[in-house]
Each structure stands twice: as structure tokens, then as C-alpha cells.
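Working notes, structure below.
The values are calculated or read from the model by the stated rules, or taken from the named source; none is laboratory data. Predicted model only: the values in this text are computed from it and were never measured. No Cβ is skipped: glycine too gets one built from the backbone with ideal geometry, and neighbour counts run over all protein chains shown. In case anyone asks, the SASA skips ligands and DNA or RNA and just uses the protein heavy atoms, side chains included. Shrake-Rupley method; radii C 1.70, N 1.55, O 1.52, S 1.80 Å.
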Amino acid sequence: MGSDKPVGVCTLLGRRDFITKAALAGAALAVGHSAWAGSAVQPTVITEAKNPNPGTANMNKRHLGNLQVSAIGAGCMSISANYGPPADIEQGIHTLRTAFEQGVTFFDTAEVYGPYTNEELLGKALKPFRDQVKIASKFGFAIDGTIGLDSRPQHIRKVVEQSLKRLQTDRIDLYYQHRVDPNVPIEDVAGTIKDLIAEGKVVHFGLSEASAKTLRRAHAVQPVTAIQSEYSFFCRDPERNGVLAACEELGIGFVPWAPLGEGFLTGTMDANTRFDPATDFRGSFPRMFPENMTANMPVVEILRQVAAAKGGTPAQVVLAWLLAQKPWIVPIPGTRRVDHLTENLGARGVQLTAADVAAMEEQFAQLTVHGERMSEMHMQQIDRS
């Protein structure tokens with residue numbers, strides 16, 4: 001899941017235009033600008049291996065376990081579903097191929113996005129350079145008119161074949177269980193993926209929104225390469241529930257979905273933003289209710305202040321913040337627009353020092369984030385075991 005702009009008031013303005021208008025409006029909140037003064041030229045706290053392929057843009061590489069990918073990936077969901085009406089197919093293909101041209105080698109999708117249409121789009125878009133990229137997809141939902149879960153081994157074996165066909169490939173580089181199924185032991189899921197890896201249909205095993213306990217149980221059967229969960233500057237659950245600590249201990253990579261706070265942290269949303277309930281499920285997420293967006297605006301102000309000092313945008317700052325947390329974290333911002341894609345990848349040029357990060361944390365610690373991150377129905381499927 002990436003973050004793109006909703007259907008509503010904010011679609012009339014580009015990110016930078018919206019930020020400029022907000023600044024002129026003078027949202028004067030108590031965030032200390034002096035913390036960032038003079039820090040723009042200090043060196044970054046993260047060092048990474050440079051991309052050895054001269055045919056792509058200068059995108060740093062990172063490792064999720066032993067899977068090497070671009071330091072920033074592409075969340076593909078919002079092109080096809082859930083954040084507004086589907087984009088035109090040709091627009092989606094153009095955006096994904098532009099991402100590759102700009103150095104992205106890690107693309108994230110799932111069978112449930114659409115459903116199915118996002119995998120089809122990705123397969124078509126990446127086919128000309130399939131062997132130069134890594135594709136992540138997901139299984140585990142019962143796509144039967146409900147959002148029920150189904151990770152029975154026989155179901156996994158059925159849907160992997162369907163995903164392979166839609167993706168026009170012979171293997172899925174990283175195959176996540178989309179949500180932990182309480183009716184199927186995680187050991188059975190891991191064992192099934194282990195068999196699919198032995199058959200060459202899957203290369204790496206991943207989990208999504210799993211607890212640290214579940215992660216350890218799965219890892220004991222089949223090594224987990226990466227876990228994907230929501231994580232951003234204002235969504236800190238993985239820091240508190242032990243998941244990041246388990247990843248560090250076990251050598252597992254972490255992939256934050258919604259790294260831009262589903263668009264809110266770009267600074268382009270406010271209480272006037274509206275989501276079409278027919279096409280955009282963010283409207284059911286309490287954190288995106290108008291009163292909570294207003295209450296959470298001080299979080300955005302921190303990002304705006306840092307962006308002003310660094311010569312970037314809030315979106316770039318929040319992605320740079322994630323990259324500065326751990327060298328095995330790979331965010332996957334999503335967009336259907338090339339200008340937003342280019343802006344997101346510009347986070348590579350935003351250098352945050354240890355002092356910058358500490359100052360951001362000090363400011364954030366004084367705030368309260370308002371509203372649950374997803375609807376009650378969605379939160380019921382989060383593994384907290």
C-alpha cells in the first residue's frame with residue numbers, strides 16, 4: 001500500500017503548490033526552526049552500497065535479509081485500487097517504467113489489489129526488464145466478496161499459480177502472507193512457502209502486519225526475508241510492539257507501507273480533504289477524519305520546518321527519516337503520477353544527521369497522534385498475538 005492523493009479538494013493542487021499556500025497562510029505552530037538551521041550540508045548517517053548498474057539512475061541499494069533491492073521501492077496498489085478510481089492502464093505502465101528508469105528495482109503488489117488488476121498491470125509494465133527487478137506480491141485474503149482470510153496450504157498453492165500468470169513471470173521474488181490467518185498455524189504457512197521455494201516458484205518469504213511472536217515462529221520453519229507493516233513518522237507501532245527489535249535480532253528486513261501516512265504527511269491534506277467512499281477506503285480510517293487531520297497537523301509542521309531547512313519537501317523528509325532509522329528498512333511510497341514519483345525519489349538527496357533525527361524525535365515526543373490508523377474492521381485483522 002502506497003500513498004497518493006485522494007479524490008477531493010487537494011487534487012486541485014500539486015504537492016509543492018499546496019505546501020506553498022499553506023506556508024503563506026501562516027500555520028504558526030510551536031515547532032523550533034532553530035533545530036535545523038545550518039544543518040543542510042552535514043553528512044548523512046547512513047552509508048550504503050552504490051548501484052553498480054550504470055544503466056539506471058544513482059539509486060542506493062539495501063538488503064532485506066539477503067535480498068538486494070533499491071533503497072526506495074514502489075508501492076503499486078494506489079495505481080489500481082483503494083486510493084481513488086483506478087488510473088488509466090497506460091498511465092500506470094508509464095509511471096512504473098519511469099520508476100525503473102529512475103533506479104527503482106523493488107515493486108510491491110498483491111492479488112487483492114483490484115482485485116487482480118494491479119498484478120496484471122505490474123506484469124505488463126515490468127515484462128521488458130523482468131530479470132532486472134524484484135517483484136513482491138501477497139496472498140492470504142479470501143477474495144469472495146468479503147475481506148476474510150484464507151492461508152490454508154491448498155489455497156496458497158492455488159493462488160500462487162494465478163499470481164504467477166498475472167505477473168507474467170516464473171517466480172515471485174518476495175511472497176508475503178498479507179494478514180496472519182488465526183485459523184491456520186503459521187508453521188503450516190511457512191512450510192508451504194518453503195516447498196514453493198524449493199520448487200522455484202517463490203524466492204523469498206515475507207509476512208505482513210505480523211506480531212514479533214508470529215515472526216519468530218515462522219522464521220524457525222522458513223527464514224523470513226522481510227516483514228511489511230505500516231510505519232511512518234506518525235505511525236510508530238513497530239517500534240513499540242517488538243517487531244523492529246525482532247527484525248534486527250534475526251537479520252530480517254522491514255518494509256514500511258504507507259510511509260507517507262497515506263498522503264497526509266506530504267502536507268497536501270487538511271480538514272477539507274474528502275474521500276469518495278465508493279473508491280477510497282481512507283475515508284473509513286479514523287486518522288483521516290477531518291477533526292483528526294486538524295489535530296495531527298503539528299506533526300506535518302515538524303516535517304515542513306525540516307524540509308525548509310533542507311531544501312526539500314515534507315514527503316522527502318519523511319522518507320529520509322525512515323531511511324535513517326535502520327539500513328535494512330526499505331519504504332515503498334506509492335503513486336500513479338510521475339511528478340510525485342520523482343519527488344519521492346528525491347528523498348535520496350535529503351541528508352538527515354543523527355542530530356536532525358534526534359531533534360525531530362524530541363519535537364514529536366511532545367505531540368499526541370489522534371485517531372486509529374485503520375477502520376475497526378481492518379484493525380481486527382492485525383496480528384497482536
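Residue by residue, here is whether (1) aromatic (Phe, Trp, Tyr); (2) open to solvent by less than 10 Å² (accessible area, probe 1.4 Å); (3) in contact with a Lys or Arg (Cβ under 9 Å, 6 or more places away or on another chain); (4) touching a residue at least 60 places away in the same chain (Cβ under 8 Å) holds:
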| site | (1), (2), (3), (4) |
| --- | --- |
| THR109 | no, yes, yes, no |
| TYR116 | yes, no, yes, no |
| LEU126 | no, yes, yes, no |
| PHE129 | yes, no, yes, no |
| GLY148 | no, no, no, no |
| ARG152 | no, no, no, no |
| HIS155 | no, no, no, no |
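Can you report the number of residues in the range 351-368 which are crowded, with 18+ Cβ neighbours inside 10 Å and in a loop (DSSP other than H, G, I, E, B)?
Matching residues across the range 351-368 total 2.
Restrict the check to the range 87-104 and report whether at least one residue is closer than 30 Å to GLN380 by Cβ and surrounded by fewer than 18 Cβ atoms within 10 Å (Cβ to Cβ).
no
Can you tell me how many residues in the range 346-385 are of a type in the set (A, V, I, L, M, F, W, C) and closer than 30 Å to ARG179 by Cβ?
Count: 8.
When both residues are 6+ apart or on different chains and their Cβ atoms are under 8 Å apart, which pairs have a first residue that lies in the range 321-347 and is in contact (Cβ under 8 Å) with a residue 24 or more places away in the chain, and a second that is among the acidic types (Asp, Glu) and open to solvent by 10 Å² or more (accessible area, probe 1.4 Å)?
LYS326/GLU248; PRO327/GLU48; TRP328/GLU248
Could you go through the range 201-215 and let me know if any residue there is modelled with pLDDT of 95 or more, open to solvent by 10 Å² or more (accessible area, probe 1.4 Å) and in contact with a Pro (Cβ under 7 Å, 6 or more places away or on another chain).
no
Quick one: GLN316 ticks every box in (1) free of Cβ contacts under 8 Å to residues at least 40 places away in the same chain; (2) over 30 Å from PRO85 (Cα atoms) except a single one, so which number is it?
(2)
Mind checking which residues of the range 287-314 are charged (D, E, K, R) and within 11 Å of PHE264 (Cα to Cα)?
Passing the criteria: only ARG287.
Looking at the range 170-179, can you tell me whether even one residue there is assigned to a loop (DSSP other than H, G, I, E, B), closer than 18 Å to THR109 by Cα, in contact (Cβ under 8 Å) with a residue 60 or more places away in the chain and under 22 Å from the mean Cα position of the chain (by Cα)?
yes
Which condition breaks for ARG348 when tested against (1) among the charged types (D, E, K, R); (2) open to solvent by less than 60 Å² (accessible area, probe 1.4 Å); (3) in a helix (DSSP H, G or I)?
Here ARG348 meets the rest and fails (2).
Please enumerate the residues belonging to the range 302-327 that are basic (Lys, Arg) and either closer than 17 Å to LEU345 by Cα or open to solvent by less than 20 Å² (accessible area, probe 1.4 Å) (or both).
Passing the criteria: only LYS310.
Under the condition of being open to solvent by less than 10 Å² (accessible area, probe 1.4 Å) and without any contact (Cβ under 8 Å) to a residue 40 or more places away in the chain, which residue from the range 265-301 is farthest from HIS378 (Cα to Cα)?
Going through the qualifying residues, I end up with VAL300.
Name the pairs whose Cβ atoms lie under 6 Å apart, with the first residue in the range 358-385 and modelled with pLDDT under 95, the second open to solvent by 60 Å² or more (accessible area, probe 1.4 Å), and 6 or more positions between them or separate chains?
SER385/LYS213
So, ASP195, is that one open to solvent by 20 Å² or more (accessible area, probe 1.4 Å), over 13 Å from CYS76 (Cβ atoms), modelled with pLDDT of 95 or more and out of contact with any strand residue (DSSP E or B) (no Cβ under 8 Å at 6 or more places or on another chain) or not?
yes
Yes/no per residue for (1) more than 23 Å from LEU207 (Cβ to Cβ); (2) in contact with a His (Cβ under 7 Å, 6 or more places away or on another chain); (3) part of a helix (DSSP H, G or I):
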{"residue": "SER78", "(1), (2), (3)": "no, no, yes"}
{"residue": "THR98", "(1), (2), (3)": "yes, no, yes"}
{"residue": "GLY114", "(1), (2), (3)": "no, no, no"}
{"residue": "LEU121", "(1), (2), (3)": "yes, no, yes"}
{"residue": "ILE135", "(1), (2), (3)": "no, no, no"}
{"residue": "LYS165", "(1), (2), (3)": "yes, no, yes"}
